[in-house]
1. Right, residue 299: surrounded by 13 or more Cβ atoms within 10 Å (Cβ to Cβ) and out of contact with any helix residue (DSSP H, G or I) (no Cβ under 8 Å at 6 or more places or on another chain) or not?
2. Picking from 213, 191, 174, 147, which residue would you name as being assigned to a helix (DSSP H, G or I), over 21 Å from the mean Cα position of the chain (by Cα), under 27 Å from residue 133 (Cβ atoms) and touching a residue at least 24 places away in the same chain (Cβ under 8 Å)?
3. Please determine whether any residue of segment 237-255 is at pLDDT below 95, over 18 Å from residue 61 (Cα atoms) and in a helix (DSSP H, G or I).
4. Of all residues being of a type in the set (Gly, Ala, Ser) and within 19 Å of residue 129 (Cβ to Cβ) in segment 275-311, which is farthest from the chain's Cα centre (by Cα)? Just the residue, please.
5. Within segment 86-95, identify whether any single residue is over 15 Å from the mean Cα position of the chain (by Cα) and free of Cβ contacts under 8 Å to residues at least 24 places away in the same chain, and answer yes or no.
6. Give segment 256-274 a look and list any residue that's under 26 Å from residue 131 (Cα atoms) and not in a helix (DSSP H, G or I), or say none.
7. Please determine whether any residue of segment 89-97 is assigned to a helix (DSSP H, G or I), modelled with pLDDT of 95 or more, crowded, with 23+ Cβ neighbours inside 10 Å and among the basic types (Lys, Arg).
8. Out of 126, 135, which single residue is part of a helix (DSSP H, G or I) and among the aromatic types (Phe, Trp, Tyr)?
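The values are calculated or read from the model by the stated rules, or taken from the named source; none is laboratory data. Nothing here was measured: the structure is a model prediction, and the numbers come from that model. As a convention, Cβ positions derive from the backbone with ideal geometry for all residues, glycine included, and neighbour counts pool all protein chains shown.
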Amino acid sequence: MTSASISPPATVAGAHPNRFVVLDGWRGISILLVLATHFLPLGPKSWQLNLAAGPLGMTIFFCLSGFLITNFLLHNQSVIDFIIRRFFRIVPLAWLCLAIGLPMAGANFDAYLANYLFYANLPPFWLDPVTGHYWSLCVEMQFYTGIALLVLLLRERGLLLIPLLCLFFTGVRIVNGEPMSIVTYFRVDDILAGGVLALAFNEKLGRALPNVIRAANPYVLAIFLLISCHPDVGPVNYARPYLAALLVGTTLFRDKTPFGPLLTHKWLVYVAAISYALYVIHPLLGHTWLGSGEVLERYLKRPLLFAAVFLAAHLSTFYFEHPCIAFGKRLSRRIRGRSNAPRGNRKADSVSGP
């Protein structure tokens, strides 16, 4: 990610100047919430905390995604670069796990097509218990496509439409009575709210919004965000994207925040580093012997399941995904270098080879 100016709480001494360490902390929290939702009982069933923690984790994740993608495109409006980097970040592991998960679920051809092309979360739906979590990757990939088209057509002016689009899609949710959904047009305001935060962070929306974020109480925001994710709160759920963006924003716009030491803790940053693999892989392992059996047997196996998930995610991140990401960056630089080179140099390059 590139940024003209990053506030002190967003980085740590010695870190790469474009790395938002506090956002890594939030990413780590988001994936831990999702894992806890799927693998652990979070309080008495009547409290429905599992039904609140999952949406909480996903809302934070979507907010981070919207922020980072919008921030990237504000400083690098090469759509080709964006598409190549996103493809090699998301697709290799996603497709590999689909090749394992879809046969486990006995999926038909339509399900293969919908999942591999990332539209399985749209009606009539092509999701199954093993790969059902891919709905969020579908939302992400569809957002990437939309934002890339917006930048391709309007450049930076397209990004300035994000606040209006965010309000529009929240309005669509309200009109259709969809407080919580996996369908993109009923969920994308979670991502767009993060985009609004990026615009505010880069001083594209004036000074009023940054001042509001700085003045907000993070403890109060955290409580209301959790409440807004609970299935019983009804209309309050429509405020979820904005509460998440405000909460994350308090850790970006302030020199010191109550959550700072937690968000920059090395173990949480490590969890963030392997978070994508944790998310993609964990349901597959949860549908093996490690997740089988009656209630008591399943929970006795939980330590083994967690260990297997973290080990698989570590290996995937550093020995499979990182090489794919590095290849995508090299490919992007090469394509951009050729497109920017004089015509004569392009011909010479094509003759000389790699």
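1. Working: surrounded by 13 or more Cβ atoms within 10 Å (Cβ to Cβ): yes; out of contact with any helix residue (DSSP H, G or I) (no Cβ under 8 Å at 6 or more places or on another chain): yes.
Yes: the conditions hold for residue 299.
2. 174
3. yes
4. Applying the filter and picking the extreme gives 293.
5. Yes, the conditions are met somewhere in segment 86-95.
6. Answer for segment 256-274, where residues must be under 26 Å from residue 131 (Cα atoms) and not in a helix (DSSP H, G or I): just 274.
7. No, the conditions are met nowhere in segment 89-97.
8. On the way: 126 fails: part of a helix (DSSP H, G or I).
Being part of a helix (DSSP H, G or I) and among the aromatic types (Phe, Trp, Tyr) holds for just one of 126, 135, which is 135.
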